[in-house]
Amino acid sequence: MPYRRAGRSGLDLPALSLGLWHNFGDTTPFETQRAVLRRAFDLGITHFDLANNYGPPYGSAEENFGRHMTDDFRPYRDELVISSKAGYDMWPGPYGDGGSRKYLLSSLDQSLQRMNLDYVDIFYSHRPDPTVPIEETMGALHTAVTSGRALYAGISNYSPAQTRVAQEVLADLGTPLLIHQPSYSMFNRHVEMPDAGKTDDPDTTGQSLLDTVGDLGIGMIVFSPLAQGMLTDRYLDGNVPSDSRAAVGHFLKSDSISETYLERARGLNEIAAGRGQTLAQLALTWLLRDSRVTSTLIGASSVGQLENNVQAAHAAPLTADEIAAIEPFAVDGTNR
């Protein structure tokens, strides 16, 4: 597994990391989870990414991972990078959502208990909260690090302008901002887009998120690199399998499988086939073309799916001609 440095930090992450957003809650057989996690580690995936409300139900992915940690991974704790997040809805009442110090640190303590860990390697603010001063949210991340409950601080779903402010606040406190976790794929290219938010420095106004993390020396790890399965071969025949995410409809709707989508996905699939890759492998290789992308978070419902995706880390780099051929089909908004 190739590794990449997270910005200007000292931390290396695998080019492909395993996200436990889906497939690790109580709706997935425990032994299936175990097989995927063990095989991922054997293949050099040393980073497992979670959040407090991953499941379903909320908290169950962390609880299940805690059991796997105890049964299988305890001897290898120092070979693992484990992350969690808080910021979205987790429990009822005024203290179970948002960006307050109360919520973030309480949630982190609960996450550590669920996962049977003394610390996480990265703790994220899962989203910006416009109702809470960013100084309070970043102060909570600073406390998480200085108290030993986390080794590094991260943010997720922040705009370029918000990322600059978060980095500045943390730097003033003495805790570096390690990494940003946004969504990014061939069909969701917002991290390449100029930011509409203003900064104190006119030279940075309008920068993209990729430009921002590059300037600040922050790592980037991207989620949903396969656009919730739309950049796989699952829907290329125009049908929606009953066990697919589009059929379930939580984050991907069946009406997303449109003629426009099919034309673009099939075009990309032809390019992938010309390289001896699957569509999913091409989508991952395309993300890794940019050195500012430290790692991509893949999900896996089976060992076979995991092994197929991991091959992308060993593929030949895309040529300039291949990147140009991909461009007409890799259209932002296709998955919306």
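Numbers below:
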item: Subset of the stretch 33-54 (residues that are within 12 Å of G19 (Cα to Cα) and either open to solvent by 10 Å² or more (accessible area, probe 1.4 Å) or modelled with pLDDT under 95 (or both)); result: T46, Y54
item: Qualifying position, being in a loop (DSSP other than H, G, I, E, B), open to solvent by 20 Å² or more (accessible area, probe 1.4 Å) and within 28 Å of L288 (Cβ to Cβ), among G10, G93; result: G10
item: Index of the failed condition, A315 passing every other in (1) more than 18 Å from Q228 (Cα to Cα); (2) touching a residue at least 40 places away in the same chain (Cβ under 8 Å); (3) crowded, with 19+ Cβ neighbours inside 10 Å; result: (3)
item: Residue match in the stretch 148-156 (condition: more than 18 Å from V81 (Cα to Cα) and either out of contact with any Asp or Glu (no Cβ under 8 Å at 6 or more places or on another chain) or aliphatic (A, V, I, L, M) (or both)); result: no
item: In the stretch 230-270, the residues that are part of a helix (DSSP H, G or I), farther than 15 Å from V331 by Cα and at pLDDT 75 or above; result: E270
item: Subset of the stretch 310-325 (residues that are in contact with a helix residue (DSSP H, G or I) (Cβ under 6 Å, 6 or more places away or on another chain) and outside any loop (DSSP other than H, G, I, E, B)); result: Q311, A312, A325
item: Residues of the stretch 55-89 classified as of a type in the set (S, T, Y) and assigned to a loop (DSSP other than H, G, I, E, B), total; result: 2
item: Close pairs from the stretch 75-102: first under 13 Å from L50 (Cβ atoms), partner open to solvent by less than 20 Å² (accessible area, probe 1.4 Å) and of a type in the set (D, E, K, R), Cβ under 7 Å, at least 6 apart; result: V81/D121; I82/D121; S83/D49; S83/D121; S84/E62
item: Flag if G304 is of a type in the set (G, A, S), on the phi > 0 side of the Ramachandran plot and more than 16 Å from the chain's Cα centre (by Cα); result: no
item: Meets criteria (touching a His at 6+ places or on another chain (Cβ under 9 Å) and not polar (S, T, N, Q)) for K85; result: yes
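The values are calculated or read from the model by the stated rules, or taken from the named source; none is laboratory data. Just so it is clear, the structure is predicted and the values come from calculations on it, not from any experiment. In this analysis, Cβ positions are derived from the backbone assuming ideal geometry, glycine residues included, and neighbour counts consider all displayed protein chains. Areas reflect the complete protein model, heavy atoms only, side chains present, ligands, DNA and RNA absent. Shrake-Rupley method; radii C 1.70, N 1.55, O 1.52, S 1.80 Å.
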